[in-house]
Amino acid sequence: MNLLKKSLLTAIVGLTVVGSAHAGPKPDQVDRLGKDLTPMGSIKAGNEEGTIPAWTGGITEPVAGYQLGDHHPDPYADDKVLFTIDSSNFNEYAEKLSEGQRAMFVRYPETFKMNVYPTRRSASFPQRIYDKTKENGRTGTLTADGEGVARVAEGFPFPFPENAYELILNHKLKYKGSGGVRYNNQVAPTSKGQYTLVRLREELYGKYYVEGNTVEDINNILLYFYQVVESPARLAGRVLLVHETMNQKETPRQAWIYNPGQRRVRRAPNVAYDNPGTASDGLRTNDMTDMFNGAMDRFTWDWVGTKEIYVPYNSYKAHSSDSLIEDMVMPGHLNPEYMRYEVHRVHVIEANLREGFRHINSRRTYYLDEDSYQILLTDHYDKRGELWRYSEAHSINYYEIPLFWSTVETHHDLQSGRYVSVGLDNQDQVNTFNSPLSESSYTPSALRKRGRR
């Protein structure tokens, strides 16, 4: 991005623009972590207005009364709504809204709103992750034109990010526990709000996060992903296995599908990029999982700076077992009464489709939380360059670990008036982390045996 464009962005949207001339290891900077910077590399201080507080450690222990296996009680249940943004006043707050958010107020003027709460910088991670992140700051380097990373282990690879590739790798390698089981249940309502719940049981075995592993130890496998459809009956028994690679330029993602009708395991090379996600009615693509995943090679990536935005955060009500899915699902979007928004600093990244490459999106804008590098918002543009979809990651601190990650993701198609929401485990088993999973369970032959049970 040229200096004129950066200057215009700074003037128009209040971005703090940063450079990328000295990306890579910064051994002379690591002593800042835990001082003026958080252990993750974000600015510890709050903002001048006082609307964003200083980071003081995030949530460091479970809420009183929490028991392992519970859906997480809200540590901020006593917080009151500061104000509500709706179709009548959203222009007053436009500077701190993404284009996708502004479009939601226009598309759903009678029903969409954002209840804004006090900002709670709750993100935190285990001390081991902080220690490893500090070590990575001394050594971590990009490889393969930004598709890979070397000389890092376990923690965030780039606590001093200076380009979009380093930021996206921080998101992709964000600590998720070494082994997890979850119900990533999904709904794709019609424009009138009718839906069928698709129950998706998933396992994630993250080799990068295993204590003692380094990038060099894991044979280019970031994680194994296993997904089985439990219902409805017409889809039940379908299984997807993915070997997600660290450096996708060196070895692209590998995937297999088990079809219970055929009782066969087949390779699935299309489980990537803009091919439709499982049972999503085409409302989300494979590379929209966890807001973005997979290879980066079809787009150019530009970090345009940091900005204060109203984002979904501390979404414990959307996560609660007391919240019924039938009450949350409504036409156009999830029920706003279950959602919580706060103002946070985010990194803004523009991804533009490379000339000569194919993708249903010509451009995407990503908004990454400064404290966790989780992508919280995405604006998606069609081939004409017009806004098409808007995505949100409603996130919480899973404080028994602790780690910060999404609990519900929602992807809105602003043209059709439909959306898909994933992660609706409210009446199912809550996410587990650091479960004792076995690497031998995630081979094609193992997939065949597990699929026939």
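Could you list, in sequence order, all residues of region 34-68 that are among the aliphatic types (A, V, I, L, M) and open to solvent by 20 Å² or more (accessible area, probe 1.4 Å)? Listed by number, the residues that qualify are ILE43, ALA45, ALA54, VAL63, ALA64, LEU68. Restricting attention to region 69-87, the residues being in contact with a Phe, Trp or Tyr (Cβ under 9 Å, 6 or more places away or on another chain) and either of a type in the set (Gly, Ala, Ser) or open to solvent by 90 Å² or more (accessible area, probe 1.4 Å) (or both) number 4.
Condition first: farther than 16 Å from GLU370 by Cα, at pLDDT below 85 and not hydrophobic (A, V, I, L, M, F, W, C). Now tell me which residues in region 15-52 satisfy that. Hits for region 15-52 are GLY19, SER20, HIS22, GLY24. Only one of the numbered conditions (1) surrounded by 15 or more Cβ atoms within 10 Å (Cβ to Cβ); (2) touching a strand residue (DSSP E or B) at 6+ places or on another chain (Cβ under 7 Å); (3) in a loop (DSSP other than H, G, I, E, B) is violated by ALA272, and that is (2).
Scanning region 278-309 for residues that are open to solvent by 10 Å² or more (accessible area, probe 1.4 Å) and either of a type in the set (Val, Ile, Thr) or within 16 Å of the chain's Cα centre (by Cα) (or both) yields THR278, ARG284, ASN286, THR289, ASP290, ASN293, ALA295, THR300, THR306.
Restricting to region 314-356, give me the number of residues that are assigned to a strand (DSSP E or B) and of a type outside the set (A, V, I, L, M, F, W, C). Final tally of qualifying residues: 8.
Among the residues of region 69-94, those that are more than 16 Å from PRO118 (Cα to Cα), at pLDDT 95 or above, outside any helix (DSSP H, G or I) and out of contact with any helix residue (DSSP H, G or I) (no Cβ under 8 Å at 6 or more places or on another chain) comprise ASP70, SER88, ASN89. The residue pairs whose first member lies in region 255-273 and is more than 16 Å from LYS449 (Cα to Cα), whose second member is part of a loop (DSSP other than H, G, I, E, B), and whose beta carbons are closer than 6 Å, counting only pairs six or more residues apart or on different chains, are ALA255/ALA268; ALA255/VAL271; ALA272/ARG253; ALA272/GLY294. Residue pairs whose Cβ atoms lie under 7 Å apart, sitting 6 or more positions apart in sequence or on different chains, and linking a residue in region 178-207 that is over 12 Å from LEU437 (Cβ atoms) and open to solvent by less than 30 Å² (accessible area, probe 1.4 Å) to a partner that is assigned to a strand (DSSP E or B) and of a type in the set (Phe, Trp, Tyr), are PRO189/TYR419; LEU200/TYR183. The set of residues in region 318-345 being within 18 Å of TYR195 (Cα to Cα) and among the charged types (D, E, K, R) consists of GLU326, ASP327.
Any residue in region 331-343 that is out of contact with any helix residue (DSSP H, G or I) (no Cβ under 9 Å at 6 or more places or on another chain), touching a residue at least 40 places away in the same chain (Cβ under 8 Å) and surrounded by fewer than 17 Cβ atoms within 10 Å (Cβ to Cβ)? Yes: one or more hits. With the condition kept exactly as written, say whether any residue in region 365-380 is charged (D, E, K, R), touching a residue at least 24 places away in the same chain (Cβ under 8 Å) and over 27 Å from PHE156 (Cα atoms). No: region 365-380 contains no residue that is charged (D, E, K, R), touching a residue at least 24 places away in the same chain (Cβ under 8 Å) and over 27 Å from PHE156 (Cα atoms).
The condition of being farther than 22 Å from THR245 by Cβ and of a type in the set (S, T, N, Q) does not hold for THR443. Filtering region 362-377 to residues that are open to solvent by less than 10 Å² (accessible area, probe 1.4 Å), in a strand (DSSP E or B) and not polar (S, T, N, Q) leaves ARG364, TYR366, LEU368, ASP369, ILE375, LEU376, LEU377.
The selection criterion, being surrounded by fewer than 20 Cβ atoms within 10 Å (Cβ to Cβ) and out of contact with any strand residue (DSSP E or B) (no Cβ under 6 Å at 6 or more places or on another chain), holds for ASP322. For region 267-282, how many residues meet the condition of being touching a helix residue (DSSP H, G or I) at 6+ places or on another chain (Cβ under 9 Å) and of a type in the set (A, V, I, L, M)? Matching residues across region 267-282 total 2. Which residue is surrounded by the fewest Cβ atoms within 10 Å (Cβ to Cβ), if the candidates are limited to region 104-134 and must be within 23 Å of the chain's Cα centre (by Cα), among the aromatic types (Phe, Trp, Tyr) and not in a helix (DSSP H, G or I)? Going through the qualifying residues, I end up with TYR117. Among the criteria (1) open to solvent by 40 Å² or more (accessible area, probe 1.4 Å); (2) small (Gly, Ala, Ser); (3) not in a loop (DSSP other than H, G, I, E, B), the one ALA255 does not fulfil is (1). Within region 221-234, the residues that satisfy the criterion of being open to solvent by 20 Å² or more (accessible area, probe 1.4 Å) and either assigned to a loop (DSSP other than H, G, I, E, B) or among the polar types (S, T, N, Q) (or both) are SER231, PRO232, ALA233, ARG234.
Here's the yes/no breakdown for (1) more than 15 Å from VAL420 (Cβ to Cβ); (2) β-branched (Val, Ile, Thr); (3) touching a Pro at 6+ places or on another chain (Cβ under 7 Å); (4) modelled with pLDDT of 95 or more:
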| site | (1), (2), (3), (4) |
| --- | --- |
| ASN259 | yes, no, no, no |
| ALA279 | no, no, no, no |
| ARG284 | no, no, no, yes |
| MET288 | no, no, no, yes |
| MET291 | no, no, no, yes |
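In the set (1) open to solvent by 20 Å² or more (accessible area, probe 1.4 Å); (2) part of a loop (DSSP other than H, G, I, E, B), the condition left unmet by HIS359 is number (1).
The values are calculated or read from the model by the stated rules, or taken from the named source; none is laboratory data. Since this is a predicted model, take the numbers as computed values, not measurements. So basically every Cβ, Gly included, is an ideal-geometry build from the backbone, and we count neighbours across all protein chains shown. Note: accessible area is taken over every heavy atom of the protein model, side chains too, but ligands, DNA and RNA are not part of it. Shrake-Rupley method; radii C 1.70, N 1.55, O 1.52, S 1.80 Å.
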